[in-house]
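Okay, structure first, notes after.
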Amino acid sequence: MGKLSADMAVNAHRPADAGAPLSTSVDPVFGGFGWQLSALPGEVITGRVSVEFPEPAAVPPESNVYVHVWVSPGSVDPVLGTYLLNVDPRFPRLSEPKVPGLQPGFTQVPEFPTAPNRSLLNFDMRVPLDVEPSVYLGNMCLLRLSPFSVGDVLGRASFAFRVRSPGEPPDLAS
């Protein structure tokens, strides 16, 4: 995903983590992501999400594929319906990219080159002024919408970040 700042944590799929589904599926999957480790209330937490397309030529012009991001401890919930409803209403819910959905080779971060089978999204989530200093848990869901039926959840991922107290130094990745 390129060089990220020292205050970001990065997670990426390794071939051993992905297993067989990558070799047999044409569906896009999360390739990796990075999020800032901390921010003060009122500041912005920036995240970058990579989506891999195993067969880029199979993606239609209107992919209807989006990444949805929100804050809650929902990542531990194995039930998809309650996982998606578990939301901390103080934080925004964000979805990218613009309609008609994600395409292979698309990037919102031009300083990071992307490959023809990968896309890179940028998320800027403002930390509300009224949240307490603590660790908060973020969730990401890779969704494919279907105009006339139930869509698909293609992937789930989670990340953690800290809302700092005034005067507390930023966390730096080791």
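The values are calculated or read from the model by the stated rules, or taken from the named source; none is laboratory data. Source: prediction; values computed, not measured. Cβ sites come from the backbone with ideal geometry, for glycine too, and all protein chains shown count toward neighbours. Protein only, heavy atoms only, side chains kept; ligands, DNA and RNA dropped before computing areas. Shrake-Rupley method; radii C 1.70, N 1.55, O 1.52, S 1.80 Å.
Can you name every residue in the range 113-139 that is farther than 11 Å from S50 by Cα and either in a loop (DSSP other than H, G, I, E, B) or among the aliphatic types (A, V, I, L, M) (or both)?
Of everything in the range 113-139, those that are farther than 11 Å from S50 by Cα and either in a loop (DSSP other than H, G, I, E, B) or among the aliphatic types (A, V, I, L, M) (or both) turn out to be P113, P116, M125, V127, P128, L129, D130, V131, E132, P133, V135, L137.
G101: in contact with a strand residue (DSSP E or B) (Cβ under 7 Å, 6 or more places away or on another chain), on the phi > 0 side of the Ramachandran plot, surrounded by 15 or more Cβ atoms within 10 Å (Cβ to Cβ) and outside any helix (DSSP H, G or I), yes or no?
Answer is yes for this residue.
Would you confirm whether any residue within the range 10-31 is within 28 Å of E132 (Cβ to Cβ), at pLDDT below 95 and either in a loop (DSSP other than H, G, I, E, B) or within 19 Å of the chain's Cα centre (by Cα) (or both)?
Looking for residues that are within 28 Å of E132 (Cβ to Cβ), at pLDDT below 95 and either in a loop (DSSP other than H, G, I, E, B) or within 19 Å of the chain's Cα centre (by Cα) (or both), one finds at least one in the range 10-31, hence yes.
Looking at the range 130-152 only, could you name the residues that are closer than 20 Å to P169 by Cβ and not hydroxyl-bearing (S, T, Y)?
Of everything in the range 130-152, those that are closer than 20 Å to P169 by Cβ and not hydroxyl-bearing (S, T, Y) turn out to be V131, E132, P133, V135.
Scanning the range 69-79 for residues that are over 13 Å from L142 (Cβ atoms) and touching a residue at least 40 places away in the same chain (Cβ under 8 Å), which turns out surrounded by the most Cβ atoms within 10 Å (Cβ to Cβ)?
Within the range 69-79, the match that is surrounded by the most Cβ atoms within 10 Å (Cβ to Cβ) is V71.
What's the number of the condition L121 fails, among (1) of a type in the set (A, V, I, L, M); (2) open to solvent by less than 20 Å² (accessible area, probe 1.4 Å); (3) without any contact (Cβ under 8 Å) to a residue 24 or more places away in the chain?
(3)
Does L85 qualify as being touching a residue at least 24 places away in the same chain (Cβ under 8 Å), of a type outside the set (D, E, K, R) and on the phi < 0 side of the Ramachandran plot?
no
Out of (1) farther than 22 Å from N139 by Cβ; (2) part of a strand (DSSP E or B), the odd one out for P60 is which?
P60 satisfies every listed condition except (2).
Would you mind stating whether Y66 is crowded, with 18+ Cβ neighbours inside 10 Å and touching an Asp or Glu at 6+ places or on another chain (Cβ under 8 Å)?
yes
Looking at (1) farther than 30 Å from P170 by Cβ; (2) in a helix (DSSP H, G or I), find the lone condition where S75 falls short.
So the condition that S75 fails would be (1).
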